[in-house]
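Written out below as structure tokens is the structure these notes cover.
The values are calculated or read from the model by the stated rules, or taken from the named source; none is laboratory data. The structure presented is a predicted model; accordingly, all values stated were derived computationally and were not measured. Heads up, the Cβs are rebuilt from the backbone with ideal geometry, glycines too, and the neighbour counts pull from every protein chain shown. For the accessible areas, the whole protein counts, side chains as well, though only heavy atoms, and no ligand, DNA or RNA atoms are used. Shrake-Rupley method; radii C 1.70, N 1.55, O 1.52, S 1.80 Å.
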Amino acid sequence: MTMIPLRKRGIEASRIALGCMPLGGGWNRDPIEPAHVKEAHEAIEAALSIGVNFFDHADIYTRGKAEAVFGQVLKERPGLRERMLIQSKCGIRLEDGPDEPQRYDFSKEHILNSVDGSLKRLGVEYLDILLLHRPDPLMDPEEVAEALTILKRDGKVRAFGVSNMSAGQIRLLQASLDEPLIVNQLQLSLKHCGWLDQGVHLNRLVAKDDTFPEGTLEYCRLEGIQLQAWGPLDQGLFTGRNIDGESESVQQTAAMVARLAERKGTTREAIVLAWLLKHPAGIQAIIGTKNPERIRACQDAEKVELSREEWYKLYVSARGQRIP
């Protein structure tokens, strides 16, 4: 299987990462309860048990409680931090009153304050990777560069990346940075396969409806930027969720996934992830669940071998139409 770009850079990251957005309770200001800490322990232990060593956060997840509850687990399990790679994100500011709309903020002050907040909540001295969460229309690349230089100099962040950015946006930012941007986290999945359609539809009228930014996949591959997939399991769409009322293509694809799982003696989650991991870009899948059973169900993702024909059958089925 393709070596992922992070490993080529000497970062021994697992192909499957645990997305920690569900941890900590609801997206409110309610306090963290013992039950939240318990479920965080169970989710982290399930991830570790299947070889996951990469944990993905953001400063806004459950309004900071995801990082805080994760930090409580680290506090209760000394030595666990050394077994992990921890990534977090900054740049999104949630609504916080009628005069403060949800917005993006890549200002130097916000980036520095956000990282300090993440480190405090997590109870760690550094982040392995920091991502800029979503493009800020008011971004000043030189100001971002100042912030990242300080974070690197002070040992608070070891590497940097972005999330939800196009090739052009990355190039603009990289031009002002001394440090390479080594990650781009995007929505990539069997259901959301515009990242594939963008190439398949080239030179066809239907390409006008493609929303995935042209050339982004290729640019990241050329530059050795790790593509991370958020939402790779599509909230269970093909792996057991009630899909009554969903489209015919979803119904057919879910049935195909189930048949492949039975034939190969594995889980439906492993099939869906194996489809993503087969792509030669070396994608890293960020699974966003706190359910230990669903986490463990992803264990065989790297072991499952899909033929080229099986891969295309899933792709065409999920598209809902034949490829040209």
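Assorted remarks:
- Of all accessible heavy-atom area on the stretch 1-92, the percent that carbon and sulfur account for (1.4 Å): 53
- Distance distribution note for the stretch 282-324: the fraction of Cα pairs above 13 angstrom is 69%.
- For the stretch 5-95, alpha-carbon Rg and Dmax in angstrom: 13.5, 42
- Kirkwood Rh, angstrom, the stretch 218-305 [1 / mean 1/r, Cα pairs]: 13.8
- Eigenvalues of the alpha-carbon gyration tensor of the stretch 240-290, scaled by 5 and square-rooted, set the equivalent ellipsoid semi-axes at 20, 14, 12 angstrom, largest first.
- Low-density loop positions, GluC sites (Glu not before Pro), the stretch 1-89 - DSSP coil, at most 11 other Cβ in 10 Å: Glu12
- About the Cα centre, charge dipole magnitude for the stretch 1-93 (Lys/Arg +1, Asp/Glu -1 at Cβ), debye: 400
- Counting only Cα atoms, the stretch 95-151 measures 34, 27, 16 Å along its principal axes, largest extent leading.
- Alpha-carbon Debye profile of the stretch 31-153, log10 I(q)/I(0) at 0.17, 0.18, 0.19 Å⁻¹: -0.89, -0.98, -1.05
- Of all DSSP bridge pairs formed entirely within the stretch 1-141, close to 20 percent run antiparallel.
- Counted over the chain, the DSSP beta bridges are approximately 5% antiparallel.
- Computed on the stretch 68-222, with alpha-carbon pairs under 8 angstrom and 6+ residues apart, the relative contact order is 19 percent.
- At q = 0.09, 0.10, 0.16 Å⁻¹, base-10 log of I(q)/I(0) for the chain (Debye sum, equal scatterers on each alpha carbon): -0.47, -0.59, -1.46
- In nm, spacing of pseudo-spin labels at Glu109 and Glu218 (7 Å Cα→C-beta vector): 4.2
- For the residues Gly79, Gly26, Gly71, a GNM of the chain with alpha-carbon springs under 10 Å puts the largest fluctuation on Gly79.
- Note on Lys313/Ser247: beta-carbon distance plugged into 1/(1 + (r/R0)^6) with R0 of 22 Å gives a FRET efficiency of 0.80.
- Phi angles across the stretch 37-48 convert, under the Karplus curve 6.51 cos²θ - 1.76 cosθ + 1.60 with θ = phi - 60°, into 3J(HN,Hα) values of 5, 4, 5, 5, 4, 5, 5, 5, 5, 4, 5, 4 Hz, Gly and Pro given as x.
- Between 0 and 90°, nearest 10: helix 108-122 axis offset from the chain longest Cα axis: 80
- Surface per residue (accessible, 1.4 Å probe) for the chain, Å²: 47
- Residue pairs, from the table Lys208/Lys303; Lys8/Lys89; Lys89/Lys191; Lys38/Lys303; Lys89/Lys208; Lys8/Lys152, whose Cα atoms sit over 28 Å apart: Lys208/Lys303; Lys38/Lys303; Lys89/Lys208
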